[in-house]
Amino acid sequence: MKKFLVSIGLLGMMVLSTGTVTGYATDDSASAVATPSSATSSSEILKAVNDEPVATEVPVQGAKPIEKAATVTSRAEYVTMRARWRDRLIATKPDMSDPNVKAYLTDLAAQSQTLWATMDRSANRSRLWLKKSSDTTSADYTSMFTNIKMLTLGYYNPVSQQHQNPEVYQAIIDAIDFMETAKKYNGSYSTGNWWDWQIGSAQQLDDTLILLYNDLHRQDPEKLVKFVQPLLGYAKDPNIQWPAYTATGANLTDISISVLASGLLLEDDKRVALVQQNLPKAMGLVTAKDGIYADGSFVQHTFFPYNGSYGNEMIKGIARVSSTLVGTPWAISEVQFANVFNLIDKGFLQLMVNGRMPSMLSGRSISRAPGTECGNHGVGDWQRDVSQSDLDCRGNASNIEAENLSGRCHLGCTGG
């Protein structure tokens with residue numbers, strides 16, 4: 001068990017940035033226990049526009065029993081889970097003697113300075129920042145919420161000129177209010193791509209509210225609750241993908257992140273349990289359509305091999321959620337991770353060349369900036385990513401298997 005806890009902690013540190021199942025037991029009784037807060041009607045959900053193939057149900061085989069959802073907890077566990085989430089973004093007491101930490105904070109400081117200088121803070125504003133020429137209407141929402149998060153990181157960054165500046169704090173609060181009220185990010189309104197509403201904007205708001213939690217909960221708890229409400233509509237349930245689909249793979253894990261965030265912010269046991277019950281759906285094996293296959297393949301959009309994009313994003317989502325829940329009543333059972341580690345071994349470590357994932361496994365992501373060179377799909381440094389994945393595997397593997405994984409990682413990263 002100790003090795004497992006270590007591995008999940010390491011898995012949570014993964015920086016992969018790039019999608020039903022064997023090994024998962026459906027539990028009809030659990031669904032009644034974990035009904036989330038209702039914020040969006042069926043008619044409102046159908047207002048969204050979907051640009052993806054239908055995400056259909058995936059056949060299940062060889063299901064394993066999993067634990068029932070926890071129903072009782074103490075506030076201390078929520079404090080721990082929120083702290084884990086926050087520390088993944090910025091440490092409360094960063095180690096400035098570490099050059100990597102210092103470089104990270106310095107970069108954040110530069111970004112927050114630019115955002116603060118370019119933010120429209122006037123009373124009659126129609127937007128917060130100028131719209132990027134490449135953004136669609138829905139993508140503009142994701143960009144605005146990303147900017148708000150980056151400015152919030154600046155407020156909590158000891159290296160930043162915005163650090164603990166009351167004017168900056170108030171501007172952040174006003175910006176969230178502006179987006180949720182004037183711009184109608186309210187849990188039901190949408191236009192354009194569903195992803196920007198349920199995942200893109202939602203995850204940026206997740207991070208922002210987790211960062212603000214201690215201050216906002218102390219100063220204005222009612223406003224905190226108000227700010228969380230859109231998440232209850234856009235991320236109502238891990239399975240619900242707008243306009244009327246069942247989420248699978250990376251979409252399921254991405255929506256789970258916001259369901260979990262809202263649960264942590266409201267200390268809502270049912271929403272946290274909903275994530276515990278549904279995340280394993282993305283961790284089992286499938287024999288058709290979306291999901292993980294026994295040979296290390298990963299498919300999204302029904303037919304397409306997507307290890308390098310959706311698969312990478314799914315692994316990241318599993319890491320974020322499981323490392324937040326570990327050691328609590330909602331921890332993901334150890335047995336659920338076998339297929340994930342097999343995917344990392346066969347579907348990542350054995351496929352990379354010179355630390356990069358081949359274009360044939362990255363789908364449409366190869367067309368996105370900065371994906372202008374073979375193997376560079378805008379998903380971060382694959383050599384760094386796979387090294388961290390290897391560490392994650394070590395905690396769950398025997399010494400011999402760990403040595404084999406380490407060797408395969410070396411070959412994949414060096415092209416040997």
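Regarding residue 278, is this residue in a helix (DSSP H, G or I) and over 25 Å from residue 357 (Cα atoms)? Taking the combined requirement at face value, the residue satisfies it. Taken over the stretch 104-161, the criterion of being aromatic (Phe, Trp, Tyr) and assigned to a helix (DSSP H, G or I) is satisfied by 104, 116, 141, 145, 155.
Among the residues of the stretch 120-129, some residue qualifies, meaning at least one is in contact with a Leu (Cβ under 8 Å, 6 or more places away or on another chain), surrounded by fewer than 18 Cβ atoms within 10 Å (Cβ to Cβ), of a type in the set (D, E, K, R) and at pLDDT 95 or above. Quick one: is residue 117 closer than 20 Å to residue 180 by Cα, over 26 Å from the mean Cα position of the chain (by Cα) and aliphatic (A, V, I, L, M)? It is false that residue 117 is closer than 20 Å to residue 180 by Cα, over 26 Å from the mean Cα position of the chain (by Cα) and aliphatic (A, V, I, L, M). Just one of (1) in contact with a helix residue (DSSP H, G or I) (Cβ under 7 Å, 6 or more places away or on another chain); (2) surrounded by fewer than 19 Cβ atoms within 10 Å (Cβ to Cβ) fails for residue 153. It is (2).
Conditions (1) in contact with a helix residue (DSSP H, G or I) (Cβ under 6 Å, 6 or more places away or on another chain); (2) β-branched (Val, Ile, Thr); (3) in a helix (DSSP H, G or I); (4) closer than 12 Å to residue 279 by Cα, marked per residue:
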site	(1), (2), (3), (4)
302	no, yes, no, no
311	no, no, yes, no
315	no, yes, yes, yes
321	yes, yes, yes, yes
330	yes, no, no, yes
336	yes, no, yes, yes
341	yes, no, yes, no
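Among the residues of the stretch 351-367, is any modelled with pLDDT of 95 or more, part of a loop (DSSP other than H, G, I, E, B) and out of contact with any Pro (no Cβ under 8 Å at 6 or more places or on another chain)? No, because not a single residue in the stretch 351-367 is modelled with pLDDT of 95 or more, part of a loop (DSSP other than H, G, I, E, B) and out of contact with any Pro (no Cβ under 8 Å at 6 or more places or on another chain). Are any of the residues in the stretch 180-191 surrounded by 22 or more Cβ atoms within 10 Å (Cβ to Cβ), at pLDDT 95 or above and more than 17 Å from residue 263 (Cα to Cα)? Yes, that holds for at least one residue.
Yes or no, residue by residue, for (1) touching a Pro at 6+ places or on another chain (Cβ under 7 Å); (2) closer than 19 Å to residue 201 by Cβ; (3) modelled with pLDDT of 95 or more:
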{"site": "237", "(1), (2), (3)": "yes, yes, yes"}
{"site": "269", "(1), (2), (3)": "no, no, yes"}
{"site": "272", "(1), (2), (3)": "no, no, yes"}
{"site": "276", "(1), (2), (3)": "no, no, yes"}
{"site": "286", "(1), (2), (3)": "yes, no, yes"}
{"site": "316", "(1), (2), (3)": "no, yes, no"}
{"site": "335", "(1), (2), (3)": "no, no, no"}
{"site": "341", "(1), (2), (3)": "no, no, no"}
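Among the residues here, residue 348 qualifies as aromatic (Phe, Trp, Tyr), touching a Gly at 6+ places or on another chain (Cβ under 9 Å) and part of a helix (DSSP H, G or I). Within the stretch 149-178, being of a type in the set (A, V, I, L, M) and over 20 Å from residue 221 (Cβ atoms) holds for 150, 151, 153, 159, 168, 171.
If the condition is being more than 20 Å from residue 272 (Cβ to Cβ), touching a Lys or Arg at 6+ places or on another chain (Cβ under 9 Å) and buried (at least 17 other Cβ atoms within 10 Å of the Cβ), then the stretch 229-248 contributes 242, 248. State yes or no: is residue 226 surrounded by fewer than 24 Cβ atoms within 10 Å (Cβ to Cβ), under 23 Å from residue 366 (Cβ atoms) and of a type in the set (Lys, Arg)? Spelling it out, it is not the case that residue 226 is surrounded by fewer than 24 Cβ atoms within 10 Å (Cβ to Cβ), under 23 Å from residue 366 (Cβ atoms) and of a type in the set (Lys, Arg).
Given the condition among the hydrophobic types (A, V, I, L, M, F, W, C) and closer than 22 Å to residue 265 by Cα, answer yes or no: does some residue in the stretch 151-166 qualify? Yes, the stretch 151-166 has at least one match.
Assessment of the stretch 198-218 against the conditions (in contact with a helix residue (DSSP H, G or I) (Cβ under 6 Å, 6 or more places away or on another chain), of a type in the set (Asp, Glu) and part of a helix (DSSP H, G or I)) yields at least one matching residue. For residue 278, the conditions (1) polar (S, T, N, Q); (2) under 27 Å from residue 337 (Cβ atoms); (3) in contact with a Gly (Cβ under 8 Å, 6 or more places away or on another chain) all hold with the exception of (3). The set of residues from the stretch 219-243 being in a helix (DSSP H, G or I) and basic (Lys, Arg) comprises 223, 226.
Condition check for residue 261 on (1) touching a Ser or Thr at 6+ places or on another chain (Cβ under 8 Å); (2) at pLDDT 95 or above: one failure, at (1). Of everything in the stretch 293-332, what is more than 18 Å from the chain's Cα centre (by Cα) and not aromatic (Phe, Trp, Tyr)? Give them in sequence order. Correct list: 294, 295, 296, 297, 299, 301, 302, 305, 327, 328, 329.
The values are calculated or read from the model by the stated rules, or taken from the named source; none is laboratory data. Given the structure is predicted, the values throughout are model-derived calculations rather than measurements. FYI the Cβ positions are ideal-geometry reconstructions off the backbone, even for glycines, and counts take in every protein chain you see.
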